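Comments concern the structure below.
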Amino acid sequence: MKLLLSKYVWFDGRYALAEKANVPITTHAIHYGTSVFEGIRAYWNGENLHVFRLDEHVKRFRRSGQFYNISLNFSDEEISGAITGICKKNKLKRSCYIRPFYFVGEYGIDLHVTEKAPTNVAIITFPFGDLFSKNGITAGVVSWRKFSDRSTPPQAKMGGNYLNSIIATQEAKRNGVDEAVLLDHNGNVSEASGENIFIVRGGQLITPTLASSALNGITRDTVIKIADNLGIKVVERDIARSELVIANEIFLTGTAAEITPIISMDSKKIGDGNPGEITKKMMDKYANIVMNRDDGRYSHWLTAVY
Ligand SMILES: Cc1ncc(COP(=O)(O)O)c(C=O)c1O
């Protein structure tokens, strides 16, 4: 998939033409996966471009690096300003994806990464629509397990972690489904390759706890908060693998996937094979909130670019 990258990127404090922002082949992150990233969306509603939950993304961006003492040498305000700034610089008036990342630069082959290791920071952006069909996708449990705190911290959004997602996705595609669901080290449901998972049973939303190695997703948090306000009970607990196939509804959440219904799991139809009622309710609410068409209760989640 080739990206339609916007003309300018932000690189170490300056705007640069995308093709001029390069790093040497000796960059530590290329060799060891010592990169940290975020995925953020901004929504164009015909009047303004709004970055969704910018503060939470910037906080997680810094926290991810702290697990590994990888320094982000810009303040939260500078990063937030650069994120809205790069949208402005590119005169973006379409919904887009924003990818800030930082990584260990020239640090030889040293595995003792400390706060002193030099880092570079960049932000790229590109117009972006739906990642998955909003009519629902198929999914299946794969044999690869989600890595856990027994090996590396699942709460750190590190480049290297995504090898687990890549090998899981390859297996899912070989099995003929759209998306992989991974089990945690105990065999309970963890999450999908790049999304959190929710099931609906008895009118309640159920999602795995962070102890199941699920990322503390910002969309997951959004769904929990809006469900609460809609009077839908949310339970965070272990989900046994077999609960997936008897769930009334299943959906995934993520910045890129937004809220995506799963209509078939392990070749079994979920519900009647169409997005369920609660899933559709959450999708509608989410779309209204990000487009600033809701009642204003969640407007603090939106940062206007223009
Ligand atoms: C492994 C993984 N789980 C879950 C998510 C969803 O997180 P968020 O809603 O913050 O985008 C992502 C995306 O960042 C992810 O990569």
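Just one of the numbered conditions (1) out of contact with any helix residue (DSSP H, G or I) (no Cβ under 6 Å at 6 or more places or on another chain); (2) touching a residue at least 60 places away in the same chain (Cβ under 8 Å) is not true of residue 170: (2). With respect to being in a strand (DSSP E or B) and not assigned by TED's automatic domain parsing to the domain that holds residue 91, residue 303 fits the description. Pairs meeting the criteria (first residue in region 188-203 and in contact (Cβ under 8 Å) with a residue 60 or more places away in the chain and assigned by TED's automatic domain parsing to the domain that holds residue 258, second residue more than 16 Å from the ligand (Cβ to nearest atom) and in a strand (DSSP E or B), beta carbons under 6 Å, at least 6 apart or on different chains) are 200/249. Here residue 199 meets each of (1) under 16 Å from residue 241 (Cβ atoms); (2) within 12 Å of the ligand (Cβ to nearest atom); (3) in contact with a helix residue (DSSP H, G or I) (Cβ under 7 Å, 6 or more places away or on another chain) with one exception, condition (2).
Residues in region 179-196: is at least one away from the ligand (no atom under 11 Å from the Cβ), crowded, with 23+ Cβ neighbours inside 10 Å, under 16 Å from residue 270 (Cβ atoms) and not aliphatic (A, V, I, L, M)? Yes, because at least one residue in region 179-196 is away from the ligand (no atom under 11 Å from the Cβ), crowded, with 23+ Cβ neighbours inside 10 Å, under 16 Å from residue 270 (Cβ atoms) and not aliphatic (A, V, I, L, M).
Residues are listed down the side, and each one gets a yes or a no for (1) within 15 Å of the ligand (Cβ to nearest atom); (2) surrounded by fewer than 17 Cβ atoms within 10 Å (Cβ to Cβ); (3) farther than 21 Å from residue 162 by Cα; (4) assigned by TED's automatic domain parsing to the domain that holds residue 37:
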| site | (1), (2), (3), (4) |
| --- | --- |
| 216 | yes, yes, no, no |
| 222 | yes, no, yes, no |
| 230 | no, yes, yes, no |
| 242 | no, yes, yes, no |
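Just one of (1) farther than 20 Å from residue 180 by Cβ; (2) in contact with a helix residue (DSSP H, G or I) (Cβ under 8 Å, 6 or more places away or on another chain); (3) among the β-branched types (Val, Ile, Thr) fails for residue 114. It is (2). Flag: residue 45 matches the condition of being touching a residue at least 24 places away in the same chain (Cβ under 8 Å), under 25 Å from residue 288 (Cα atoms) and exposed (fewer than 15 other Cβ atoms within 10 Å of the Cβ). Of the residues 238, 295, 272, the single one that is away from the ligand (no atom under 16 Å from the Cβ), under 27 Å from residue 88 (Cα atoms) and surrounded by fewer than 20 Cβ atoms within 10 Å (Cβ to Cβ) is 295. Looking at (1) away from the ligand (no atom under 12 Å from the Cβ); (2) surrounded by fewer than 23 Cβ atoms within 10 Å (Cβ to Cβ); (3) not polar (S, T, N, Q), which one does residue 251 not meet, given that it meets all the others? Of everything listed in (1) away from the ligand (no atom under 12 Å from the Cβ); (2) surrounded by fewer than 23 Cβ atoms within 10 Å (Cβ to Cβ); (3) not polar (S, T, N, Q), residue 251 misses just condition (2).
Of all the listed residues (53, 99, 60), the sole one being outside the structural domain of residue 151 (by TED's automatic domain parsing), over 21 Å from residue 8 (Cα atoms), touching a Phe, Trp or Tyr at 6+ places or on another chain (Cβ under 7 Å) and basic (Lys, Arg) is 53. Among helices (runs of 4 or more DSSP H) entirely within region 1-119, having at least 3 residues that are within 21 Å of the chain's Cα centre (by Cα) and of a type in the set (Lys, Arg) singles out 54-66. For region 120-131, the set of residues classified as under 18 Å from the mean Cα position of the chain (by Cα) and assigned to a strand (DSSP E or B) consists of 122, 123, 124, 125, 126, 127, listed by residue number.
The values are calculated or read from the model by the stated rules, or taken from the named source; none is laboratory data. Please read these numbers as outputs of a predicted model, since none were measured by experiment. Methodologically, a virtual Cβ is constructed for each residue, glycine included, from the backbone with ideal geometry; neighbour enumeration extends over all protein chains shown.
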